[in-house]
Amino acid sequence: MDVTIAESTVGGRAQAPPSKSYTHRAVLAAGYADGATVRGPLVSADTRATMRAVEAFGGRVDIREREDGAAVLEVDGFGGRPEVPADVIDCANSGTTIRLTTAAAALADGLTVLTGDGSLRSRPQGPLLRAIEQVGGRAESTRGNGQAPLVVGGPIHGGSAAVPGDVSSQFITALLMAGAVTEAGVDITLQTELKSAPYVDITIEVLDAFGVRARETGRGFSVGGGQTYGPGDGYDVPGDFSSASYLLAAGAVAGVDGVTVTAAYPSAQGDQAIVEVLDRLGADISWDRDAGELTVTESALDGIEVSVADTPDLLPTIAVLGAVAGGTTRIVDAEHVRYKETDRVSAMAEALERMGASVEEEQDSLAVHGAESTLRGATVDGRGDHRIIMALSVAGLVAEGETTVRGADDVDVSFPDFFDVLAELGADLQRE
């Protein structure tokens with residue numbers, strides 16, 4: 001699907017979709033348990049991949065809908081002892097799925113094969129494979145390049161592992177979740193500074209909700225062995241700040257009458273930093289934390305410097321805001337953003353240049369010179385990346401003429417009804 005967006009103003013209320021990060025972790029935690037209810041999850045292409053993995057390990061996931069339209073997952077788990085899957089686990093385009101379930105596979109008494117689409121098969125998995133071997137498992141890349149397809153065998157019994165912190169925090173999440181049900185637990189030593197640290201905070205928060213204790217140590221993280229995941233009273237998934245960032249950005253650049261995003265309650269999500277970023281840019285923004293409502297109105301923005309060391313998913317949103325702001329917006333600590341569904345630094349630089357923005361790309365940063373930019377409609381490639389697609393769609397709201405985003409159906413990864421929501425807010429768009 002291609003989507004064409006004409007210059008538009010937006011306004012009104014929209015609900016932030018459920019958090020993808022919390023949903024992945026809650027579904028797998030319920031799988032590690034004997035079972036649990038997960039309320040209000042994100043049901044998308046990515047999270048369905050994690051549901052399929054839980055079922056491949058011997059669990060079951062049933063989806064039903066509440067009267068208010070929200071989803072509920074009833075998960076029958078595999079009790080901390082995954083079966084060897086009867087078939088290859090296809091993780092599609094979900095990096096979170098393949099990393100979290102690679103560690104789960106290392107608990108099975110046999111071999112598991114995991115793979116995904118072309119994009120996923122290009123993403124680095126080597127540090128996690130080495131860590132699994134350090135705690136007694138077998139973990140190999142079939143092509144010998146540290147990328148999927150992967151062959152993983154166990155069962156692991158726990159121990160110590162050393163991993164880099166600047167490639168993906170998902171390695172730490174995977175080891176903590178699996179380590180809790182090993183005999184000895186897992187102690188993780190970070191070899192480099194941890195990037196995307198809030199995502200590990202999310203993991204520890206979800207583990208705690210399922211009765212599992214993990215902690216940060218002076219040199220890394222640790223989870224004790226012999227623990228049991230409990231269902232408790234079920235788990236409620238919070239709203240997603242990564243997805244909300246596009247709605248908030250739309251309000252900041254085109255919300256003449258203001259845009260209010262609901263279900264935006266404070267949490268451990270690092271991407272709630274978008275609120276501070278918008279405030280620093282000069283946006284007219286207010287947050288009723290108790291009500292979970294964020295309101296932003298079109299404002300004159302001025303460029304700033306922003307580190308995305310802990311918030312890599314915000315880079316596309318901030319880049320678009322920088323193209324509209326005066327002065328220069330410089331996004332730093334961004335090298336790890338190149339190892340997502342696509343190289344998001346280059347993808348945003350190329351697309352914004354095509355739309356008339358002045359940008360400078362370096363290995364670890366992206367500078368957008370808003371004062372030297374006049375956005376105009378163009379045809380841009382979504383690169384098979386949901387975050388690139390949504391960010392460029394926001395740019396289309398303020399670009400002269402019409403902007404066509406190719407491959408826009410990939411928003412299904414994290415925000416399946418994004419274009420419905422954008423249209424309800426008043427965006428002039430057409431789907432082809």
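For I98, the criteria (1) under 26 Å from G159 (Cα atoms); (2) surrounded by fewer than 24 Cβ atoms within 10 Å (Cβ to Cβ); (3) of a type in the set (V, I, T) hold in every case but one, which is (2).
Looking only at residues in the stretch 109-136 that are β-branched (V, I, T) and under 14 Å from G153 (Cβ atoms), the one that is surrounded by the fewest Cβ atoms within 10 Å (Cβ to Cβ) is V113.
Annotation for the stretch 68-77: at least one member residue is in contact with an Asp or Glu (Cβ under 8 Å, 6 or more places away or on another chain), buried (at least 22 other Cβ atoms within 10 Å of the Cβ) and farther than 28 Å from A264 by Cβ.
On inspection, T9 passes the criterion of being assigned by TED's automatic domain parsing to the domain that holds G270 and not aliphatic (A, V, I, L, M). Residues in the stretch 372-384 that are crowded, with 20+ Cβ neighbours inside 10 Å and among the β-branched types (V, I, T): V380 only. Evaluated against (1) farther than 17 Å from F419 by Cβ; (2) among the charged types (D, E, K, R); (3) in contact (Cβ under 8 Å) with a residue 40 or more places away in the chain, D385 falls short on exactly one condition, (1). Checked against the criterion of being under 19 Å from the mean Cα position of the chain (by Cα), closer than 18 Å to T203 by Cα and not β-branched (V, I, T), the stretch 80-94 contains one or more residues that satisfy it. Scanning the stretch 349-395 for residues being of a type in the set (A, V, I, L, M) and over 25 Å from D428 (Cβ atoms) gives a total of 5. Taken over the stretch 83-95, the residue count meeting the criterion of being under 22 Å from D34 (Cα atoms), hydrophobic (A, V, I, L, M, F, W, C) and surrounded by 15 or more Cβ atoms within 10 Å (Cβ to Cβ) is 2. The residue that is surrounded by the fewest Cβ atoms within 10 Å (Cβ to Cβ), among those in the stretch 403-432 that are over 30 Å from H24 (Cβ atoms) and in contact with a Gly (Cβ under 7 Å, 6 or more places away or on another chain), is G426.
Of all the residues in the stretch 344-360, those that are surrounded by 24 or more Cβ atoms within 10 Å (Cβ to Cβ) and under 25 Å from the mean Cα position of the chain (by Cα) number 6. With respect to the conditions (1) in contact (Cβ under 8 Å) with a residue 24 or more places away in the chain; (2) more than 23 Å from A408 (Cα to Cα), R64 falls short on a single one, namely (1). If only residues of the stretch 196-218 that are surrounded by fewer than 22 Cβ atoms within 10 Å (Cβ to Cβ) and assigned to a loop (DSSP other than H, G, I, E, B) are counted, the one that is farthest from the chain's Cα centre (by Cα) is G218. Inspect all residues belonging to the stretch 412-421 and state whether any of them is part of a helix (DSSP H, G or I), outside the structural domain of V167 (by TED's automatic domain parsing), of a type in the set (V, I, T) and modelled with pLDDT of 95 or more. The answer is yes, given that some residue of the stretch 412-421 is part of a helix (DSSP H, G or I), outside the structural domain of V167 (by TED's automatic domain parsing), of a type in the set (V, I, T) and modelled with pLDDT of 95 or more. Within the stretch 15-37, the set of residues being out of contact with any Lys or Arg (no Cβ under 9 Å at 6 or more places or on another chain), surrounded by fewer than 24 Cβ atoms within 10 Å (Cβ to Cβ) and part of a strand (DSSP E or B) comprises Q15, T37. Out of all the residues in the stretch 385-402, is one or more surrounded by fewer than 19 Cβ atoms within 10 Å (Cβ to Cβ) and charged (D, E, K, R)? Yes, the stretch 385-402 contains at least one residue that is surrounded by fewer than 19 Cβ atoms within 10 Å (Cβ to Cβ) and charged (D, E, K, R).
The values are calculated or read from the model by the stated rules, or taken from the named source; none is laboratory data. As the structure is a prediction and not an experimental result, all values here were calculated from the model. Ideal geometry is used to build each Cβ from the backbone, glycine not excepted, and the neighbour counts take in all protein chains shown.
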